[in-house]
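In what follows, a single structure is set out as structure tokens and then discussed.
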Amino acid sequence: MAFSPKVKEEALVAAGRHCCVCRRFAGIKLECHHIEPESQGGDDTFENCIALCFDCHADVQHYNASHPKGNRYRPSELRAHRDRWYGRIAETTPAIFDGERRAVDRQIFATFREKLPESIAREILQDQCWGQTFQRSTYDFLCKIEELVNRIDSQYLDPTCEGFRSDFRSAFLKFLDGESFRRISAVPDREYLLRLPKEWDMHSDPLVRAQFKQCMEDLNSLSRAAYEAYVNLIREIRKLLIVP
Ligand SMILES: [Zn+2]
């Protein structure tokens, strides 16, 4: 069986069309997932339904019990994510978004812009070519941003603002926690410099050189996607919170 259109609609409205796990605003790119699988007797009720973005849906479904990697989402956890998010949507519609809450969100936004100013975001995420050697201080800065985006108190009260923040967080982590970034290491004898293995680029084997190019292009495109999400966040949250 499947969820009825009515149950789906109720779930999408309750979630404000955000993913209940990562909280990104997903618009039409949402799927209604059975928390208790149908194969295990899960029914087609609102109570058993959770709206998930394509990425989170894949994470929840593709977990392979015979090759456990990472932590599986349990039904109880999915329910907890969902109910917390439903609560957030229910209590903060724009119409009742009062001055006090807005002041909290403005403070969160100000802190974010102070820690990651637009000029630095452009320099690091947009203009940097990751095929080149770079300073360890750049890496340390990226780690600080990672810490910031993972902090609970960097989450907005307003669900729409929170959706833009989650978009940026997800794009940024795809870059920094991705396979390609893990290839980067310190330059021997010059620990303050980092780079992709230089020997790949100089290698006589064209396959190894291709691997270097592939990694560089991957990193460049992921960091630019994170920059786009950053620009979008700044532009949209400025409008939502009415700040200069
Ligand atoms: Zn998601």
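The values are calculated or read from the model by the stated rules, or taken from the named source; none is laboratory data. Owing to the predicted nature of the structure, the values given are computational and were not obtained by experimental measurement. All Cβ positions, even for glycine, are placed from backbone atoms using ideal geometry, and neighbour counts span all protein chains on display. To get the accessible areas, we keep the full protein, side chains included, count just its heavy atoms, and leave off ligands, DNA and RNA. Shrake-Rupley method; radii C 1.70, N 1.55, O 1.52, S 1.80 Å.
Scan segment 44-57 for residues that are touching a residue at least 24 places away in the same chain (Cβ under 8 Å), open to solvent by 20 Å² or more (accessible area, probe 1.4 Å) and more than 9 Å from the ligand (Cβ to nearest atom) and jot them down.
Result: 44, 45, 46.
Does segment 111-123 hold any residues that are of a type in the set (A, V, I, L, M, F, W, C) and either open to solvent by 50 Å² or more (accessible area, probe 1.4 Å) or in contact with a helix residue (DSSP H, G or I) (Cβ under 6 Å, 6 or more places away or on another chain) (or both), and which are they?
Correct list: 116, 120, 121.
Among the residues in segment 62-79, are any touching a His at 6+ places or on another chain (Cβ under 7 Å), within 15 Å of the ligand (Cβ to nearest atom), assigned to a helix (DSSP H, G or I) and on the phi < 0 side of the Ramachandran plot?
No, every residue in segment 62-79 fails to be touching a His at 6+ places or on another chain (Cβ under 7 Å), within 15 Å of the ligand (Cβ to nearest atom), assigned to a helix (DSSP H, G or I) and on the phi < 0 side of the Ramachandran plot.
When the residues of segment 132-175 are filtered to those that are charged (D, E, K, R) and more than 15 Å from the ligand (Cβ to nearest atom), which remaining residue is farthest from residue 56 (Cα to Cα)?
Across segment 132-175, the extreme among qualifying residues is 136.
From 181, 212, grab the single residue that is under 30 Å from residue 108 (Cα atoms) and aromatic (Phe, Trp, Tyr).
Within the list 181, 212, the selection yields 181.
In segment 20-43, what count of residues is obtained for those that are more than 10 Å from the ligand (Cβ to nearest atom), assigned to a strand (DSSP E or B) and open to solvent by less than 30 Å² (accessible area, probe 1.4 Å)?
2
Tell me which residues, restricted to segment 15-44, are at negative phi and out of contact with any Cys (no Cβ under 9 Å at 6 or more places or on another chain).
Those that are at negative phi and out of contact with any Cys (no Cβ under 9 Å at 6 or more places or on another chain): 15, 28, 36, 37, 38, 39, 40, 42, 43, 44.
Filter segment 171-192 for residues that are open to solvent by 30 Å² or more (accessible area, probe 1.4 Å) and either touching a residue at least 60 places away in the same chain (Cβ under 8 Å) or of a type in the set (Ser, Thr, Tyr) (or both) and give the result.
Across segment 171-192, the qualifying residues are 185, 192.
Testing residue 158 on (1) crowded, with 19+ Cβ neighbours inside 10 Å; (2) under 16 Å from the mean Cα position of the chain (by Cα); (3) under 30 Å from residue 104 (Cα atoms), one condition comes back false. Which one is that?
Status for residue 158: all satisfied but (2).
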